[in-house]
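The structure appears right after this line, and notes come after that.
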Amino acid sequence: MALGLKLPTWHGWGLLLPIVPLCAISVLSMQAMGDIREGHWLATETLRQIAYILLGFGGMVAAVLVGYHRIGRFSFLLFGLCLVLLVYLILDRWFPIPLVEPIKGSRRWIRLGQVALQPSELMKIAYVLALAWYLRYRRNYRTLSGLIAPFALTLVPMGIILMQPDLGTVLLFLPVLFAMLFAAGAKVRHLGVIILAGVLALPVFWFKIETYQRLRVTGVFLQSPWIRSQLEQHPELWQALRPAEEEPGRWLSHLREWERKTGYQLVHSKTAVGSGGLFGQGYARGPFVEHDLLPEKHNDFIFATLAHQWGLAGCLVVILCYMVMVVIGMDVATMTRDPFGRLVAVGFATLLGVQTIANIAMTIGLGPVTGVTLPFLSAGGSSLVSSFLSVGLLMSVAQHRPVIIGHEPFEFDEEAEKYGGK
């Protein structure tokens, strides 16, 4: 089902055009914050980002030319391969594994010479394709027991990625799962029951994650001077969040640790955003750019550096670009009658939207600092390639709409289902 060479549809152009300003802003940001060596006019970070953008663009074009249906046939193979790579990474927790490079205690990358591959980014693509391929013609997920398989398909990679640990990527899976199940026709009451069960299981999840991850979550609330003062006046409130195996005195000291580490990032990020004002400090100007005051300014907190340089106006342009991609992605889903194509479009549109919201919320203090990258803007080869592949597969659905003889996909007769009919 290869598409061959032909011009994009208007949906395709609508997905492609917002990428241009986002990539341009990314390159300009790398140049503004990068280290320019003597005799060079482009920073090393800029050259690296341009190379990754070209690689990602090539992957996007390949996805369009090959076609989402042809790729979908190998979705479970791709999913299995990504699982193997993820397991390979976490084995380094117990045995020295070649090519695995722990960074700040996290095992997320496989080092191949000068290139670092992040399997969790590839897993996001494989997961959406595999889940869409599984759901495309099935009806069993209309029952509560039928949701076990989709959730198993989701929880297995989530559990492995959490062991790296990479909480940010883990948090992206469930919104995509629920969006795709809803689009496929799963019953809302069943999804509500699962959400309620998940909320009730949160205490178990809370005490299973690492201490620094708990600090990142509580950090959203610890920004409030009033909450911090209450914890200092009433230590028993803070102790209530302490895992059973953690020493009381040590756990209380984590309040100060948060202020030194996670709190430092949040305070500086929000200050960088706020000091940008309406139109910003100017390109490559401002103390947070000139004096390297913001940690992870090239990737996790690139939105803060953008706001610092170009202010609210620049932020609105970037947000508008993401909104255009997500809205058009969802429109692509409604336009196609192919069940697999519809689910692919919903999955990738949701993934782009949730990842964008998670990063921006983290930057301005409305969400935990989880290390989620901002699509097309943050530095990083795996993240950029993953974002380009997402848009490429969306464009493929927009370009290629097979003729389906029959009723609209995912339409169900509720009355007939009560009596065992279809």
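Taking the Cβ of Thr350 as the centre, find all other residues whose Cβ is under 15 Å away and add up their charges (Lys, Arg: +1; Asp, Glu: -1).
Numbers: positive: Lys124, Arg342; negative: Asp331.
Taking every other residue near Thr350 into account, the sum is +1.
When Val372, Val217 are arranged by Cβ crowding within 10 Å, least crowded first, meaning fewest neighbours, the order is Val217, Val372. Using a Förster distance of 30 angstrom, determine the FRET efficiency expected from the C-beta separation of Arg93 and Ala149, and round it to 0.05. About 0.60, to the nearest 0.05. Here's how it looks for Val100: its modeled amide H is under 5 Å from those of Arg111, which are all 5 or more places away or on a different chain. Derived from the Cα gyration tensor, the three semi-axes of the equivalent ellipsoid of the stretch 95-152 are 35, 13, 8 Å, largest first. Divided by 2.2 N^0.38 Å, where N counts the residues, the Cα radius of gyration of the stretch 106-204 comes to 1.20.
In terms of surrounding Cβ atoms within a 10 Å radius of their Cβ, Trp13, Trp133 rank from fewest to most as Trp13, Trp133. For Gly367, the residues whose modelled amide H falls within less than 5 Å of its own, excluding neighbours fewer than 5 places apart on the same chain, are Met362.
Coordinate-derived values only; no laboratory data. In this text, all values refer to a predicted model and were calculated from it rather than measured experimentally. As a convention, Cβ positions derive from the backbone with ideal geometry for all residues, glycine included, and neighbour counts pool all protein chains shown.
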